[in-house]
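Enquirer: Below you'll find the structure I mean.
The values are calculated or read from the model by the stated rules, or taken from the named source; none is laboratory data. Values in this document were obtained by computation on a predicted structure and should not be read as measured data. Cβ placement follows ideal geometry from the backbone for every residue including glycine, while neighbour counts extend to all protein chains displayed. Side chains included, ligands, DNA and RNA excluded: accessible areas come from the protein's heavy atoms. Shrake-Rupley method; radii C 1.70, N 1.55, O 1.52, S 1.80 Å.
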Amino acid sequence: MHFLKKNLNGSPFVGVFCATSDDFTIVPPTISKKEELEVKNTLETKILKITLANSSLIGVLGVMFGKKIVVPEIIEKKEKIFLEEHGLEVKQIHESSAFGNLVALNEHGGIASTLLKKTTVDEMEKFFELKIHQKDIAGSNIVGACIRVNNTGFVANPRIDEQEFEFLEKTFKVKGFLTTANYGDKFVGNDMVINNKGVLIGPITTTHEMARIDEAFRSE
């Protein structure tokens with residue numbers, strides 16, 4: 001498992017600007033060649049440099065799993081074509097424009113915001129072939145920003161209660177840890193990009209926060 005503390009697009013909120021799976025990582029076209037190589041080496045994926053809806057907020061807009069991505073209807077036709085030509089199966093859903101902030105997935109299941117329509121969640125379940133539960137976490141309906149999860153573990157907003165924590169462990173079937181990142185940010189999804197091979201995290205994350213994150217995701 002690789003760990004890298006790094007700004008992306010000049011910001012420590014790397015989860016806002018990047019979306020990843022074990023196969024692909026989507027980054028803004030504005031990142032440097034050095035940043036691209038560092039992300040590639042950390043996450044061990046193919047790098048796709050493209051905007052979504054002409055925006056660099058890729059981690060906010062899209063949610064990925066494997067070789068599939070759900071995106072909002074507002075993405076450009078040329079963006080969808082680019083993703084498909086490079087091997088991603090793309091599902092446009094005509095509702096939210098912030099799926100990355102509203103959904104968290106691993107191989108065992110997922111959690112989605114109560115802001116989403118049930119029909120939208122049903123579409124995602126069929127597309128990703130995963131059971132997805134609708135539930136808010138820590139008093140927040142932006143659950144994708146409250147959680148980062150892979151097939152080894154998860155980290156979550158430390159304000160969640162015991163029942164919510166147990167629900168997440170049951171849903172994802174992995175151990176979890178409560179932590180902040182980027183020097184106290186409770187919305188850890190904004191601060192981290194993670195797959196089963198690596199973790200990219202904002203550089204102002206403290207040593208204590210890194211210890212919790214390492215414990216959650218380091219499988220060896």
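Enquirer: Looking at the range 180-191 only, could you name the residues that are within 13 Å of A145 (Cα to Cα) and either free of Cβ contacts under 8 Å to residues at least 12 places away in the same chain or not in a helix (DSSP H, G or I) (or both)? Reasoning before the result, please.
Expert: Going through the range 180-191, the residues within 13 Å of A145 (Cα to Cα) turn out to be 180-181, 185-191.
Answer for the range 180-191, where residues must be within 13 Å of A145 (Cα to Cα) and either free of Cβ contacts under 8 Å to residues at least 12 places away in the same chain or not in a helix (DSSP H, G or I) (or both): T180, A181, D185, K186, F187, D191.
Enquirer: Please find, among G100, G176, the residue that is among the small types (G, A, S) and outside any helix (DSSP H, G or I). First the steps, then the outcome.
Expert: Working: G100 fails: outside any helix (DSSP H, G or I).
Result of the check over G100, G176: G176.
Enquirer: Take the conditions at pLDDT 95 or above and assigned to a strand (DSSP E or B) and apply them to V121. Does it pass? Let's see the steps before the verdict.
Expert: Details: at pLDDT 95 or above: yes; assigned to a strand (DSSP E or B): no.
No; evaluated as a whole, the condition is false for this residue.
Enquirer: Which count do you get for residues in the range 66-79 that are open to solvent by less than 60 Å² (accessible area, probe 1.4 Å) and either closer than 16 Å to F24 by Cβ or without any contact (Cβ under 8 Å) to a residue 24 or more places away in the chain (or both)? Full working, then the answer.
Expert: Of all residues in the range 66-79, those open to solvent by less than 60 Å² (accessible area, probe 1.4 Å) come to 66, 68-72, 75, 79.
After this cut, where a residue has to be either closer than 16 Å to F24 by Cβ or without any contact (Cβ under 8 Å) to a residue 24 or more places away in the chain (or both) as well, the list is 66, 68-71, 75, 79.
Counting residues in the range 66-79 that are open to solvent by less than 60 Å² (accessible area, probe 1.4 Å) and either closer than 16 Å to F24 by Cβ or without any contact (Cβ under 8 Å) to a residue 24 or more places away in the chain (or both) gives 7.
Enquirer: Moving on. When the range 88-121 is examined, which residues are found to be closer than 24 Å to A156 by Cβ and charged (D, E, K, R)?
Expert: E107, K118
Enquirer: Hey, among the residues in the range 197-213 that are in a helix (DSSP H, G or I), open to solvent by 10 Å² or more (accessible area, probe 1.4 Å) and of a type outside the set (D, E, K, R), which one's nearest to N41 (Cα to Cα)? So that I can check it myself, show each step before the final result.
Expert: Initial filter on the range 197-213 (in a helix (DSSP H, G or I)): 207-213.
Cutting the leftovers down to open to solvent by 10 Å² or more (accessible area, probe 1.4 Å) gives us 207-208, 210-212.
Still in the running and of a type outside the set (D, E, K, R): 207-208, 210-211.
Numbers: T207: 22, H208: 25, M210: 19, A211: 21 Å.
Once the filter is applied, the top-ranked residue is M210.
Enquirer: Got a sec? Which of L61, L57, L48, L105 is more than 13 Å from the chain's Cα centre (by Cα) and hydrophobic (A, V, I, L, M, F, W, C)? Quick ask: steps written out before the conclusion?
Expert: On the way: L61 fails: more than 13 Å from the chain's Cα centre (by Cα); L57 fails: more than 13 Å from the chain's Cα centre (by Cα); L105 fails: more than 13 Å from the chain's Cα centre (by Cα).
Going through L61, L57, L48, L105 in turn, the sole match is L48.
Enquirer: Starting from residues that are among the aliphatic types (A, V, I, L, M) and open to solvent by less than 20 Å² (accessible area, probe 1.4 Å), keep the ones in the range 3-29 and report whichever is farthest from the chain's Cα centre (by Cα). Can you show your working first?
Expert: Within the range 3-29, the first condition is being among the aliphatic types (A, V, I, L, M), and the residues that meet it are 4, 8, 14, 16, 19, 26-27.
Retained after the next criterion (residues that are open to solvent by less than 20 Å² (accessible area, probe 1.4 Å)): 8, 14, 19, 26-27.
Values: L8: 15, V14: 10, A19: 6, I26: 11, V27: 13 Å.
Among those that are among the aliphatic types (A, V, I, L, M) and open to solvent by less than 20 Å² (accessible area, probe 1.4 Å), it is L8.
Enquirer: Can you tell me which residues in the range 149-166 are farther than 21 Å from N195 by Cα and polar (S, T, N, Q)?
Expert: The answer is Q163, and nothing else.
Enquirer: Which count do you get for residues in the range 138-158 that are under 22 Å from C18 (Cβ atoms) and either outside any loop (DSSP other than H, G, I, E, B) or over 17 Å from the mean Cα position of the chain (by Cα) (or both)?
Expert: Within the range 138-158, the subset under 22 Å from C18 (Cβ atoms) is 140, 142-157.
Adding the requirement that they be either outside any loop (DSSP other than H, G, I, E, B) or over 17 Å from the mean Cα position of the chain (by Cα) (or both) leaves 140, 143-149, 153-156.
Looking only at that region, the number is 12.
Enquirer: Would you check if there is a residue in the range 40-55 being β-branched (V, I, T), at pLDDT 95 or above, in contact with a Cys (Cβ under 9 Å, 6 or more places away or on another chain) and surrounded by 21 or more Cβ atoms within 10 Å (Cβ to Cβ)?
Expert: Within the range 40-55, the subset β-branched (V, I, T) is 42, 45, 47, 50-51.
Keeping just the survivors that are at pLDDT 95 or above gives 42, 45, 47, 50-51.
Checking the rest, the ones that are also in contact with a Cys (Cβ under 9 Å, 6 or more places away or on another chain) come to none.
Within the range 40-55, not a single residue is β-branched (V, I, T), at pLDDT 95 or above, in contact with a Cys (Cβ under 9 Å, 6 or more places away or on another chain) and surrounded by 21 or more Cβ atoms within 10 Å (Cβ to Cβ).
Enquirer: Pull up the range 83-121, narrow it to residues that are under 23 Å from D22 (Cα atoms) and small (G, A, S), then point me to the one that is surrounded by the most Cβ atoms within 10 Å (Cβ to Cβ).
Expert: Applying the first criterion (under 23 Å from D22 (Cα atoms)) to the range 83-121 yields 83-93, 98-112, 121.
Going one step further and asking which of them are small (G, A, S), we end up with 87, 98, 100, 104, 109-110, 112.
Values: G87: 11, A98: 19, G100: 29, A104: 27, G109: 18, G110: 26, A112: 26.
Filtering the range 83-121 for residues that are under 23 Å from D22 (Cα atoms) and small (G, A, S), the one surrounded by the most Cβ atoms within 10 Å (Cβ to Cβ) comes out as G100.
Enquirer: Output yes when any residue across the range 141-160 is open to solvent by 30 Å² or more (accessible area, probe 1.4 Å) and either on the phi > 0 side of the Ramachandran plot or free of Cβ contacts under 8 Å to residues at least 24 places away in the same chain (or both), and no when none is.
Expert: Looking through the range 141-160, none of the residues is open to solvent by 30 Å² or more (accessible area, probe 1.4 Å) and either on the phi > 0 side of the Ramachandran plot or free of Cβ contacts under 8 Å to residues at least 24 places away in the same chain (or both).
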